[in-house]
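Structure record follows, encoded as structure tokens.
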Amino acid sequence: MEKTAINNYINAHKDRFLNELLSLLKIPSISADSNYKNDVVNTAEAIKQRLIEAGADKVELSETDGFPVVYGEKIIDPKKPTVVVYGHYDVQPADPLNLWDSPPFEPIIKKTPIHPDGAIFARGACDDKGQMYMHIKAFELMMKTNTLPCNVKFMIEGEEEVGSPNLGPWIIKNKERLKGDVILISDTSIIANDVPSIDTGLRGLAYMEVEVTGPNRDLHSGVYGGGVANPINVLCKIIASCHDENNHITIPGFYDKVLTETDEYKNELNSAPFDIEEYKKDLNIDDVYGEKGYTTFERTGIRPTLDVNGIWGGYIGEGAKTVLPSKAFAKISMRLVPNQDSNEISKIFQTHFESVAPKGVRVEVKPHHGGEPVVISTNSAGYQAASLAMTETFNKKPVVTRGGGSIPIVALFKKELGLDSILFGFGLDSDALHSPNEHYGLFNYYKGIETIPLFYKHFTELSKS
Ligand code: BES
Ligand code: MN
Ligand code: MN
């Protein structure tokens, strides 16, 4: 399929493509919050309808122990290669709501300096409804113009933002049906709209919750203060001791399995255009911060981290209350890199936190979800096809990057299905994913729809040889 034919179809259906996405963005499919259960299921139902309309066969909501997977396929010839598209229809919670300039589930289009053609502001605009829906529209385009060159299977899940707890078993159960040649995912970022890039890795994740208990009840901080352990003080102390003066993580064994990348590979990563002044300006910080001896790309791509995601305890109401709390809590997550293992890291974290706790408090560590890191080869037909497709539509060869985020199921695609994933993202890191005012550029949305059919074309051609 040629670029002009693709663009003709997109131009003829531009407004509808946009309006359909806007209507999906109006449904608050927050998987983490049980108040939105119906909305999550309604979103799945809506996507099912859109897949049917686009021309997919065997479309269904396939049940799991959690939210359903939307499945659909088009098999044009069993001898041809099969692209398996993965995406997610669930979104992150919208809070803090007061920091949104417009309601998170009432999408509006606004221009920004980075998106002069306009961007859609809504929770899920970029992560991942906007990026996922590009695939359904690209599929429609290929179906209606009779240019689909190979087979395609869709697997759109509703629990990615809570760690995909039920997708693993579903994949194992559906192995036969998921047979294919590559997994195609748009759920990552490019460096900039004039700097296309392809992530060749994702970090893993180990997410923990810590509870520190001191005295059996809240106490008067004058009567008892100084005489017993304050769980908040202790928790802060333990957390602070997790990094040394070079921002190296101090938990024994934490780095044991971390793969040291070659200088050649680091040079390749660092050669991607990156304007540190722009980065600082965007975040309104006077300097970057991180592990000594590594660049920002290295820190976010090939090095593990430990970060507090939330911390609470004691009195946080209006005014002052002199109290020694009985308990303190924190949610702490670690981003992992090859060849760290999320279960092993969870265990050493637990052992560490329990062993450094002073007498006078009890420390309990509860692991939440985890996921394994992945690296993706640039030598495969999938990567080459992605690179060729982007080169055609951006007029620039995409650079190799490493994504700092996690998509826990990607490691499982390799393990259970033997398939490589291609991280064909079109968002920008500055699109405020998971943050207030999440948005997705119209340029990026249409660029994705334009580029995806070229991936199919190149992948089909490269798979012949
Ligand atoms: N789409 C993101 C992951 C991502 C974003 C990767 C940008 C690379 C670049 C995904 O939806 C996500 O947010 N994943 C979670 C995983 C979790 C909730 C288990 C993450 O990374 O925190
Ligand atoms: Mn996502
Ligand atoms: Mn996300």
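Annotations
- Total residues in segment 49-74, condition among the acidic types (Asp, Glu) and over 16 Å from GLU140 (Cα atoms): 3
- Tally, over segment 159-190, of residues that are crowded, with 22+ Cβ neighbours inside 10 Å and within 12 Å of ligand 1 (Cβ to nearest atom): 10
- Of all the listed residues (SER342, SER430, SER421), the sole one being of a type outside the set (Asp, Glu), touching a residue at least 60 places away in the same chain (Cβ under 8 Å), open to solvent by less than 10 Å² (accessible area, probe 1.4 Å) and touching a helix residue (DSSP H, G or I) at 6+ places or on another chain (Cβ under 9 Å) is SER421.
- Selected residue (criterion: farthest from HIS243 (Cα to Cα)) from residues of segment 330-365 that are away from ligand 1 (no atom under 16 Å from the Cβ) and in a strand (DSSP E or B): ARG362
- Within segment 433-465, considering residues that are of a type in the set (Phe, Trp, Tyr) and either more than 17 Å from VAL91 (Cα to Cα) or touching a Leu at 6+ places or on another chain (Cβ under 8 Å) (or both), the one surrounded by the fewest Cβ atoms within 10 Å (Cβ to Cβ): PHE443
- Checked against the criteria, GLY124 does not count as within 14 Å of ligand 1 (Cβ to nearest atom) and outside any loop (DSSP other than H, G, I, E, B).
- Among the residues of segment 363-379, those that are in contact (Cβ under 8 Å) with a residue 12 or more places away in the chain and either exposed (fewer than 13 other Cβ atoms within 10 Å of the Cβ) or under 17 Å from the mean Cα position of the chain (by Cα) (or both) comprise LYS366, HIS368, HIS369, GLY370, GLY371, GLU372, PRO373, VAL374, VAL375, ILE376, SER377.
- Scanning segment 142-158 for residues that are in a strand (DSSP E or B) and either more than 14 Å from ligand 1 (Cβ to nearest atom) or surrounded by fewer than 22 Cβ atoms within 10 Å (Cβ to Cβ) (or both) yields ASN151, VAL152, LYS153, PHE154, MET155.
- Within segment 56-65, at least one residue is in contact with a helix residue (DSSP H, G or I) (Cβ under 9 Å, 6 or more places away or on another chain), part of a strand (DSSP E or B) and among the hydroxyl-bearing types (Ser, Thr, Tyr).
- Filter result for SER34 (open to solvent by 30 Å² or more (accessible area, probe 1.4 Å), of a type in the set (Gly, Ala, Ser) and at pLDDT 95 or above): yes
- Residue in segment 103-136 that is farthest from ligand 3 (Cβ to nearest atom), counting only those that are touching a residue at least 40 places away in the same chain (Cβ under 8 Å) and over 30 Å from MET155 (Cβ atoms): ASP117
- Qualifying residue in segment 77-87 (condition: outside any loop (DSSP other than H, G, I, E, B), modelled with pLDDT of 95 or more, of a type in the set (S, T, N, Q) and within 14 Å of ligand 3 (Cβ to nearest atom)): no
- Of the helices (runs of 4 or more DSSP H) contained entirely in segment 377-465, those carrying at least 1 residues that are within 16 Å of TYR86 (Cβ to Cβ) and within 15 Å of ligand 2 (Cβ to nearest atom) fall at 409-417, 442-464.
The values are calculated or read from the model by the stated rules, or taken from the named source; none is laboratory data. All figures in this text were calculated on a predicted structure; none of them were measured in a lab. Every residue, glycine among them, receives a Cβ derived from its backbone with ideal geometry; neighbour counts consider all protein chains shown. Keep in mind that these areas ignore ligands, DNA and RNA; they rest on the heavy atoms of the full protein, side chains included. Shrake-Rupley method; radii C 1.70, N 1.55, O 1.52, S 1.80 Å.
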